[in-house]
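Here's the structure we're looking at; comments come further down.
The values are calculated or read from the model by the stated rules, or taken from the named source; none is laboratory data. It should be emphasised that the depicted structure is a prediction, and the values quoted were computed from it without experimental measurement. Neighbour counts are summed over all protein chains in view; Cβ atoms, including those assigned to glycine, are modelled from backbone coordinates with ideal geometry.
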Amino acid sequence: MLKTLDGKEAVLSHIAHTSGPRVGKYGVDTRAMSRVGIPAVEAAWQQGLLVVIDEIGKMELRSGDFRRLLDDLAASKARLLGTIMRNPNREADRYKALPFVRVLEVRPDTRVEVLDQVLEWLGGSPSLD
């Protein structure tokens, strides 16, 4: 399921989806990404907001439009906070290897440290009141 922060939703992949690329037993509807996900990311980017993408994975990367958007974001050096697949993948590895990208692995033993690093990058800590 693809969901935006403003409440829009679309089915990105489904076992019954028969057209388009496949990831394992799932068919990927790349039009859902173009219809719902990409406009949400573009809107945040155009407003100068922090762009948040959860996740950049095999299914999402099947969309050429999504990959082009990631390339545009990288070229602009937009502030992007995202999750990306850990396993080797040609497309994902290309983004992880960009010189200005910082990859943090979240594990039970590193989650507090990673949270502190992300909050520092964002410019402060949230109020705990």
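Structural remarks
- Selection from segment 16-54 of residues that are in contact with a strand residue (DSSP E or B) (Cβ under 6 Å, 6 or more places away or on another chain), farther than 17 Å from residue 4 by Cα and exposed (fewer than 14 other Cβ atoms within 10 Å of the Cβ): 18
- For segment 87-129, the set of residues classified as of a type in the set (D, E, K, R), in a helix (DSSP H, G or I) and under 17 Å from residue 53 (Cα atoms) consists of 91, 93, 94, 96, listed by residue number.
- Among the conditions (1) at pLDDT below 95; (2) surrounded by 13 or more Cβ atoms within 10 Å (Cβ to Cβ), residue 57 misses just one, which is (1).
- Residue match in segment 13-36 (condition: touching a residue at least 40 places away in the same chain (Cβ under 8 Å) and in contact with an Asp or Glu (Cβ under 8 Å, 6 or more places away or on another chain)): yes
- Residue match in segment 66-86 (condition: among the aromatic types (Phe, Trp, Tyr), at pLDDT below 95 and not in a strand (DSSP E or B)): no
- Among the residues making up segment 55-73, those that are of a type in the set (A, V, I, L, M), in contact with a strand residue (DSSP E or B) (Cβ under 8 Å, 6 or more places away or on another chain) and under 25 Å from residue 14 (Cα atoms) are 56, 59, 70.
- Which listed residue, of 36, 41, 23, 51, is over 11 Å from the mean Cα position of the chain (by Cα) and under 19 Å from residue 94 (Cβ atoms): 23
- Filter pass, residue 92 being among the small types (Gly, Ala, Ser) and more than 25 Å from residue 1 (Cβ to Cβ): no
- The set of residues in segment 21-65 that are in contact with a helix residue (DSSP H, G or I) (Cβ under 6 Å, 6 or more places away or on another chain) and not in a helix (DSSP H, G or I) comprises 21, 28, 51, 63.
- Here the condition is being over 16 Å from the mean Cα position of the chain (by Cα), at pLDDT 95 or above and surrounded by fewer than 12 Cβ atoms within 10 Å (Cβ to Cβ); of 109, 116, it holds for 109 alone.
- Flag for residue 96 being loosely packed, with under 12 Cβ neighbours inside 10 Å and not hydroxyl-bearing (Ser, Thr, Tyr): no
- Taken as a whole, the structure places residue 67 among residues that are within 13 Å of the chain's Cα centre (by Cα) and surrounded by fewer than 18 Cβ atoms within 10 Å (Cβ to Cβ).
- The residues of segment 4-37 that are over 17 Å from residue 65 (Cα atoms) and among the basic types (Lys, Arg), listed by number, are 8, 25.
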